[in-house]
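What follows is a short report on a single structure.
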Amino acid sequence: MPLSEQEQRLLNEMERNFYSSDADVVSPMGSGRGRPSYRNIVIGALIVLVGIGGLIAGVGLSSPIIGIVAFVLMLGGVLFAITPSKSSSSTPAQSEKPRAAARAASSATFMDRMNDRWDRRNER
C-alpha cells in the first residue's frame, strides 16, 4: 500500500532531520577520503614483515634498541597500508558523465549521491 502524500512528506522530513543530526552515523568513516590502494597495502605488509623480522632479531640478540626500531617500523607499515591513495578518491560515476559527476562530487554529500543512484536504479 503506497504512502499518502502527507506521510511521504513526513517521512522525507524525518530522513532529512536524521541525516542532519546524526551526520557521524550516516557519513562513512573518514568521509572525503579514498580507499587504500592495493599498492599501499602490499608495500605496508612488506614493511610489517620486515619489522617482524627485526623484532625477532632484536629478541634473539637481546637488543632492546633493535626491538623498538622494529616495532616502530611495523607501526609505520600498518599506517602506510591503511593510508588512502590520492588517485583512488575519484568517484566511479566520473567515467560515465565527467561534468555531472564533478559537479555532484563538489556540491552533494555522500548520502545525496547515494540517494540519486538509488533513484536512477529504481527508474529502470
Item to complete: May I ask you to verify whether D112 is acidic (D, E), modelled with pLDDT of 80 or more and under 18 Å from the mean Cα position of the chain (by Cα)?
Response: yes
Response to the item:
Taking region 1-33 and keeping only residues that are surrounded by 12 or more Cβ atoms within 10 Å (Cβ to Cβ) and at pLDDT 70 or above, one is left with L10, E15, F18, Y19
Discussion item. Take the conditions modelled with pLDDT of 75 or more and exposed (fewer than 15 other Cβ atoms within 10 Å of the Cβ) and apply them to I66. Does it pass?
Written reply: no
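The values are calculated or read from the model by the stated rules, or taken from the named source; none is laboratory data. In this text, all values refer to a predicted model and were calculated from it rather than measured experimentally. Heads up, the Cβs are rebuilt from the backbone with ideal geometry, glycines too, and the neighbour counts pull from every protein chain shown.
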